[in-house]
Amino acid sequence: MVCFNRVITFRNNYDNDATTFSPTGRIFQVEYAAEATKQGSAAVGLVSKTHVVLVALKRNAEELGSYQKKVIMIDDHLGVALAGLAPDARVLSNYLRQQAMSSKMVFNRPLSVSRAVYSIADKAQENTQSAGGRPYGVGLLVAGVDVTGPHLYEFQPSGSVLEYVGAAIGARSQASRTFLERKFEDFPNATREQLIEYGLIALRDTLAQDKELNSKNTTVAVVSKNEKFTIYDDENVQQWLDKLDSLANSRSRGRQDDDDDDDEDDDDDEAAAEQAETTATATSGDAPTTTQDRAPDAMDLEE
Amino acid sequence: MTSIGTGYDLSNSIFSPDGRNFQVEYASKAVENAGTSLGIRTKDGIVLATEKIITSKLLVPNKNKRIQTIDRHVGVVYSGLIPDGRHFVNRGRDEAESFRSLYKEPIGIPGLLDRLGYYVQAYTCYNSVRPFGINAIVGGIDDDGPHLYMVEPSGVYWGYYAAAAGKGRQTAKAELEKLDLTTISTRDAVKEAARIIYLAHEDNKDKEFELELTWISKEETNGLHKFVPKDLLEEAIKYAEEEGDDDGSSDSSSDEEMDD
Amino acid sequence: MNHNPFHWGRPSDSTYGPYNQQIAHASNVNPMARQQQQSDFPTMHTQRPMMTGTSVLAIKYQDGIVIAADNMGSYGSLMKLDNVERLLKVGQDTIVGISGDLSDLQAIQRILNDLEIDESYDAGDDEDALAAGLKANHVHEYLTRIMYNRRSKMDPLWNACIVAGFDDEGKSFLKYVDLLGVAFASPTLATGFGAHLAIPLLRQRVDSEADVKKLTKADAIQLIKDCMKVLFYRDARSLDKYSMAVLSESDQKVEFHKDVKVEDMKWAFAKGIKGYGMPQL
């Protein structure tokens, strides 16, 4: 794992449980849990003034296996996309569903998105401060609409929660973020259709060169004030893929960002192979957009 | 770091031969590199401020609030592990509510801190938990007037005229000491808090930040913990930027030269 | 047939074991004390209200709601307090009028205060979010859950409440809930004695939602004032000083009037009333 390289001296000392601080004040078990979210396939979320969109890439473990569900509906106004350990996501979304039901039962109102996401954040924090459990190994994008409008939150195993205009989690999601950072100023006024297109383009940027989005591996979900949380899968998602194809047939990538390597699951052979491939083709530039900025590091965002 | 390799720092609740609890010290390390927070106690109120580091331009501006309310009359700002801070605040809210349900009146600030200090201390006593990775600055007004405290990962808490935590705490403390905290008005303290956060940010210059400011004052907010109104926030930021330019004009120019 | 149940016999000890005498000797004394002394009564909660407040009245008009409740606290027939505020403001624009037991009113007040504080945590600095978060319909649902829950524990909060405010869409919201957890809505509502004395008068003007459109704000206020006067004449547990809140849908505002007095009363007839209390000298 990447983290081992950074702290090679202390290996096996401070990273055995979530209740031990390293001498620099870090909690490695929590950081490793965050790594688990980067092993999962990518999910992308975007918000306009009216809509929230989630798009996600589904994986199948083997050719004859089914594709892993990536988007879970919580309530009519709320849903999540996951990256990482799917069973952990099911536990958290089950909890969210209980919260949503309770809000309807007790107050006759839908659960607010912030209250929803902080409820699981506080639950996740407990697992980072006491023994007898492990941190959750999943990241979530929580999308929903409430009286204050549409919202998109990113949830991390550390119990950290932040509200974004556009966010991406999972394998190679840095490529998506790069796209989102370039386009996010257009999101607020984007239509429902445009927002989904932006989402699909961002998701496509996470793909290896020989992979493409198809109706089997792509999930789209939308929610707005007047539209219940709707998930498009399989034949239903084709309409959106068609839109994407009419927009630009070939991939918008002429480069591959090598800045994102500390996000990457280097030990994942497939991903490493994919990256090697894409790096090799970086100069050939088969995409229409050729000159693009290199992806800035997420933590270092000087203009 | 004489602690490393001794084995006494691998578990919480363990004393080293010279009587230290290393896990608590390591928890403090989580605070030392975090965004700067500060609190000021004035004649009739409290000001809390924090430097919220912006890690991505995709974050929604002015959301993701960091300063929280424990009760109507009590505010908290913390530096360190944010989820730990929320845990701390939730506990404070529970304590405030349980006090109110028992005594039918709002909890006093020293009493609240007594309970919170107790809670944080308990997280240094067992190897099944780890200490809180935060320094929390808690301010509020009760019948005895304004109070300001800072709780540390060890569970220790002291009362302050002004307190600072996080990366820029040294700069902030030096500036806070220059203020006349016995006479300053809460409104002026808001502006000074903004200026000091901007100044402390110099230690963290490569990252963008958002300033968050709250206050409690009998006169201005009727004793309630509130975010400062937009116009005052803008005024404070303007003051902070102007003062910053005046103070460090020579510094910033030399910085530019170095950059070039 | 012998109709005395004590002669019907009971399941035989040999089949069902001996009768558990503790069932008959259930006590309302706490277990520690019970060891010394057994009570003859099963556990008891509130059986009747003690300090009480009388009617709450409310009516919808074309642009909102008028709601009123007097300031009296009665101890049986004793007029014990004349400064009880029974209209509670919850959140930005909801009024809850409460009649019945006053200590339970205070319990509800605390519950709603806790709710308000809890609500403010989420909103941060966003006043609009705060206002949008807790509307009258949410407060009413919450109160209904509390009242039903308590009655299901056979320990009710001895009150009847009227919730007036605006719902999520900003429309006027007026609904009732009482100690049984019974909840219903009507354009005219009254609790306690008011349900007998004031409702007929209110319904003369507003019998259905359609009539609400015809009633002006001034008329609604006058109507409530007239009803408060009738109640003061006829209800011996009422007071001529009351609070009144006027809610307007168009600006989503609440006017709160305190210490309103019943006016233009004529008590000349009282001289002629005979047969009650001490002989008039």
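The values are calculated or read from the model by the stated rules, or taken from the named source; none is laboratory data. Bear in mind that the values here come from a model prediction, so they are computed numbers and not experimental data. Every residue, glycine as well, gets a Cβ built from its backbone with ideal geometry; the counts of neighbours run over all protein chains shown. Each accessible area value is taken on the protein alone, full model and side chains, heavy atoms only, with ligands, DNA and RNA left out. Shrake-Rupley method; radii C 1.70, N 1.55, O 1.52, S 1.80 Å.
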Computed on Cα atoms only, the convex hull of chain B has an orientation-averaged projected area in nm² of 16.4
In Å, the Kirkwood estimate of hydrodynamic radius for the range A:15-251 over Cα pairs equals 18.0
Cα extents of the range B:168-217 along the principal axes, largest first, in whole Å, come to 35, 21, 11
Rg from C-alpha atoms of the range B:152-244, normalised by the globular rule of thumb 2.2 N^0.38 Å, equals 1.12
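Rg(Cα) of the range B:1-133 divided by 2.2 N^0.38 Å?
Normalised Rg, Cα atoms only: 1.24.
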For the pair C:A185 and C:D13, the simple spin-label estimate (label points 7 Å beyond Cα toward Cβ) gives in nm 6.2
Which of B:K104/C:K153; B:K29/B:K63; C:K225/C:K253; A:K228/B:K57; A:K58/A:K243 exceed 22 Å between C-alpha atoms? The answer is B:K104/C:K153; B:K29/B:K63; A:K228/B:K57
Averaged over residues of C:106-114, the number of beta carbons from other chains lying within 10 Å of each residue's Cβ is 1
Note on the range C:88-236: alpha-carbon gyration tensor, axes a ≥ b ≥ c; rule is a/c under 1.5 for rounded, else prolate if a/b larger than b/c, else oblate; result oblate
With every protein chain kept in place and a 1.4 Å probe, the residues C:D82, A:D233 fall, from largest accessible area down, as C:D82, A:D233
With all protein chains present, the range C:125-167 has a carbon and sulfur share of its accessible area (1.4 Å probe) in percent of 48
Shielding of B:68-77 by other chains, given as the mean Cβ count within 10 Å, works out to 2
Filtering GluC sites (Glu not before Pro) in the range B:121-200 by DSSP loop and by at most 14 other Cβ atoms within 10 Å leaves none
Given unit charges at Cβ for Lys, Arg (+) and Asp, Glu (-), the dipole magnitude of the range A:15-251 about its Cα centre in debye, nearest 20, is 320
Normalised Cα Rg of the range B:71-121, dividing by 2.2 N^0.38 Å with N its residue count, works out at 1.12
If one builds a Gaussian network model of chain B from Cα atoms under 10 Å apart, the most fluctuating residue listed among B:A194, B:A165, B:A174 is B:A174
Given trypsin sites (Lys or Arg not before Pro), DSSP loops and at most 14 other Cβ atoms within 10 Å, the longest exposed-site-free stretch of chain B is B:1-103
Computed about the Cα centre, the charge dipole of the range B:1-116 from +1 Lys/Arg and -1 Asp/Glu charges at the Cβ has a magnitude in debye, to the nearest 20, of 580
Rounded to the nearest 100 Å², the accessible area hidden between A and B, summed over both chains at a 1.4 Å probe radius, is 3200
Output for the range C:189-281: trypsin sites (Lys or Arg not before Pro) sitting in coil per DSSP, at most 14 other Cβ within 10 Å, listed by number, reads C:K213, C:K214, C:K266, C:K274
What helix-only [θ] at 222 nm does chain B give? Using -39500 (n - 2.57) per DSSP H run of at least 4, over all residues, to the nearest 500, the answer is -13000 deg cm²/dmol
Out of B:N90, B:N62, B:N135, a Gaussian network model of chain B with alpha-carbon springs under 10 Å gives the largest mean-square fluctuation to B:N62
Check: C-alpha center the range C:179-206 vs C-alpha center the range C:215-281, spacing in Å is 16
Within the set B:G117, B:G75, B:G133, GNM on chain B using Cα springs under 10 Å gives the largest fluctuation to B:G117
Rg/Rh of the range C:65-147 (Cα atoms, Kirkwood Rh), to two decimals, equals 1.04
Expressed as a whole-number percentage, the relative contact order of the range A:15-251 with C-alpha contacts under 8 angstrom and at least six residues apart is 27
The correct ranking of B:V89, A:V165, C:V182, A:V147 by accessible area at 1.4 Å, largest first, is A:V147, C:V182, A:V165, B:V89
Averaged over the residues of C:136-149, the number of partner chain Cβ atoms within 10 Å of each residue's own Cβ comes to 2
Here the Kirkwood hydrodynamic radius of the range A:36-138, Cα-based and in Å, equals 15.1
